[in-house]
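K.L.:
Please find one structure pasted underneath; my questions will follow.
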Amino acid sequence: MNPKNQFVAGTIEALRRSTAMAGGDSVLYVALGDSVTAGWLEHGVLDSDAAYPALFRRRLAGLFPRAMISVLNGGLGGDNTEGVLARLERDCLRHAPNLVTICLGLNDARSGVEGLTPFRENLAHIVKRVGENGADVLLVTPNTRGDALQNEGTLAEYIRAIRAVAREQAVGLADVYAVYQGWIRAGAAPADLLSNRVSHPTREGHQIFVNALMEFFQP
């Protein structure tokens, strides 16, 4: 058995039970995040159908073809952990999702190292509340940035905080940032990996998110 299945066991069971027939149970996936999750790409271009939440739903549907799977994109441009906490009930908990992914940090990092403690506390609080609501939770590290927050190591500190919260809260971690770092070590310039050259992944980059999430659902 895939050891990562344990982090989404409830969702996998719901997917196996679900059927796209009258009276069947549906499975709800909520993606919490910022502009990346929302689907902002090049400057001024918003395409939620090209963003990882929609692409991930399609890949899940291919793995569970009988299941009725819905996705609620809870991405909001410019948002951070404080903002997600403020809207958590409205945009997530009241919908009683089966699965919630949380991808934050790109905007929180603008607060510098001084913002690390509140970021970590807020993120842990979000994870705890979502878990107490009955959903499976997957934390997602974001893509790289193409500016000083990347070059000076500030974002890397926030990535370490995300990884630490995943360990402490015993939830799954889809480590997208690690894939981007591999490309950078191979010689890629961070800005070249981004559609707006600052913080938004390319359309191809969204597939990295999908692949990282699908690892939890493979047999």
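K.L.:
What do you reckon, is Val140 outside any helix (DSSP H, G or I) and either of a type in the set (A, V, I, L, M, F, W, C) or modelled with pLDDT of 95 or more (or both)?
P.N.:
Details: outside any helix (DSSP H, G or I): yes; either of a type in the set (A, V, I, L, M, F, W, C) or modelled with pLDDT of 95 or more (or both): yes.
Against the criterion (outside any helix (DSSP H, G or I) and either of a type in the set (A, V, I, L, M, F, W, C) or modelled with pLDDT of 95 or more (or both)), Val140 qualifies.
K.L.:
Take the stretch 193-210 and flag every residue that is in a helix (DSSP H, G or I) and either in contact with a Leu (Cβ under 9 Å, 6 or more places away or on another chain) or without any contact (Cβ under 8 Å) to a residue 24 or more places away in the chain (or both).
P.N.:
If the condition is that a residue be in a helix (DSSP H, G or I) and either in contact with a Leu (Cβ under 9 Å, 6 or more places away or on another chain) or without any contact (Cβ under 8 Å) to a residue 24 or more places away in the chain (or both), then Arg203, Glu204, Gly205, His206, Gln207, Phe209, Val210 are the ones that fit.
K.L.:
May I pose another question? Based on what the data block shows, is Gly74 closer than 22 Å to Ala9 by Cβ and not hydroxyl-bearing (Ser, Thr, Tyr)?
P.N.:
Details: closer than 22 Å to Ala9 by Cβ: no; not hydroxyl-bearing (Ser, Thr, Tyr): yes.
Criteria not met by Gly74.
K.L.:
Could you grab me the full set of residues in the stretch 111-134 that are assigned to a helix (DSSP H, G or I), surrounded by 14 or more Cβ atoms within 10 Å (Cβ to Cβ), among the polar types (S, T, N, Q) and over 16 Å from the mean Cα position of the chain (by Cα)?
P.N.:
Ser111
K.L.:
Report the residue count in the stretch 34-83 for those that are part of a helix (DSSP H, G or I), over 19 Å from Gly205 (Cα atoms) and among the small types (Gly, Ala, Ser).
P.N.:
Summing the residues that are part of a helix (DSSP H, G or I), over 19 Å from Gly205 (Cα atoms) and among the small types (Gly, Ala, Ser) in the stretch 34-83 gives 3.
K.L.:
Could you list, in sequence order, all residues of the stretch 1-32 that are of a type in the set (A, V, I, L, M) and surrounded by 21 or more Cβ atoms within 10 Å (Cβ to Cβ)?
P.N.:
Val8, Ile12, Leu15, Val27, Val30, Ala31, Leu32
K.L.:
So is Glu121 farther than 23 Å from Phe216 by Cβ, acidic (Asp, Glu), free of Cβ contacts under 8 Å to residues at least 40 places away in the same chain and out of contact with any helix residue (DSSP H, G or I) (no Cβ under 9 Å at 6 or more places or on another chain) or not?
P.N.:
Spelling it out, it is not the case that Glu121 is farther than 23 Å from Phe216 by Cβ, acidic (Asp, Glu), free of Cβ contacts under 8 Å to residues at least 40 places away in the same chain and out of contact with any helix residue (DSSP H, G or I) (no Cβ under 9 Å at 6 or more places or on another chain).
K.L.:
Can you find, within the stretch 33-89, the residue that is surrounded by the fewest Cβ atoms within 10 Å (Cβ to Cβ) among those that are of a type in the set (S, T, N, Q) and under 30 Å from Asn5 (Cβ atoms)?
P.N.:
Top of the filtered list is Ser70.
K.L.:
Regarding the stretch 143-154, can at least one residue be identified that is outside any helix (DSSP H, G or I), surrounded by 15 or more Cβ atoms within 10 Å (Cβ to Cβ) and touching a strand residue (DSSP E or B) at 6+ places or on another chain (Cβ under 6 Å)?
P.N.:
yes
K.L.:
Also, quick follow-up: For the stretch 86-110: of the residues being outside any helix (DSSP H, G or I) and aliphatic (A, V, I, L, M), which is farthest from Asn211 (Cα to Cα)?
P.N.:
So the residue we want is Ala96.
The values are calculated or read from the model by the stated rules, or taken from the named source; none is laboratory data. Since the model is a prediction, treat every value here as computed from it, not as a measurement. With ideal geometry, Cβ positions are generated from the backbone for all residues, glycine too; neighbour counts draw on all protein chains shown.
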